[in-house]
Amino acid sequence: MGLILGSLIYSKNAESHIELGGVMVGGFGMALSLYFFSVSDSIISFIFFSFLFGFFGALLTVPLNSTIQFLSEKNKLGIILAGNNFIQNIVMFSSLILSTFLVSIGVETVGIFWSATVIILLGTIYSIVLIPHLNARISLLPILKLKYNFKVEGLRNIPPKVLFYCLETILVGLIG
């Protein structure tokens, strides 16, 4: 449910453009929700923080997938998306194998969650360093909207294609 709501809210706020600042919001939100999930002690809080994790996960992955689709050549889009999904599935399956192994040798689940939280935070900070102008824009936009109206007219300043393929694969691997 969180993934659905996050995707809907993202698409509503980025109707005419791809808002890559969502990567920062999504990353920090995922890290915080995963941390609070790991220290929760009631079923209601588990459900709530699981919902938030999915919500912020959508804010992180939807702009990255949208960018891949936007930057891909139309005649190669199917191959690129299939390859992207294949790599994501390998990374997620590998993460599942690793976490199962860690639990089987006695590593506490809370430690795994905290490690994942740190990895997500590091990936988010890396994305902020990599594309700081997009994160500054989304941070300042709510304040600027109090006085000014904004209209997106084009997508002229998108970083190179390779950046987004790598960034999404890295982030999916980190949160896998």
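Please work out how much length the chain gains when fully extended from Ser139 to Ser115, using 0.36 nm per residue of separation minus the C-alpha to C-alpha distance, in nm with one decimal.
Details: separation 24, 0.36 × 24 = 8.64 nm, distance 2.68 nm.
Taking 0.36 nm per residue and subtracting the Cα distance, the gain is 6.0 nm.
Just to check, using Stokes-Einstein with a Kirkwood Rh over alpha carbon pairs, what's the diffusion coefficient of segment 23-92 at 20 °C and 1.002 mPa s in µm²/s?
Numbers: Rh = 13.6 Å.
Rounded, D is 157 µm²/s.
Ordering Phe53, Phe93, Phe28 by the number of other Cβ atoms within 10 Å of each residue's own Cβ, fewest first, gives Phe93, Phe28, Phe53.
For the pair Ile87/Ser50, report the inter-label distance in nm, with labels modelled 7 Å from Cα in the Cβ direction. That separation, rounded to one decimal, is 3.0 nm. Label zone of Phe101 (point 7 Å out along Cα→Cβ, amide N under 20 Å): in segment 119-133 this covers 119-120.
The loop-placed GluC sites (Glu not before Pro) in segment 1-96, going by DSSP, that have at most 16 neighbouring Cβ atoms within 10 Å of their Cβ come out as Glu15, Glu73.
Every number here is computed from the coordinates shown, using simple stated rules; none is lab data. In this text the structure is predicted, and so the values were computed from the model without any measurement. Cβ sites come from the backbone with ideal geometry, for glycine too, and all protein chains shown count toward neighbours.
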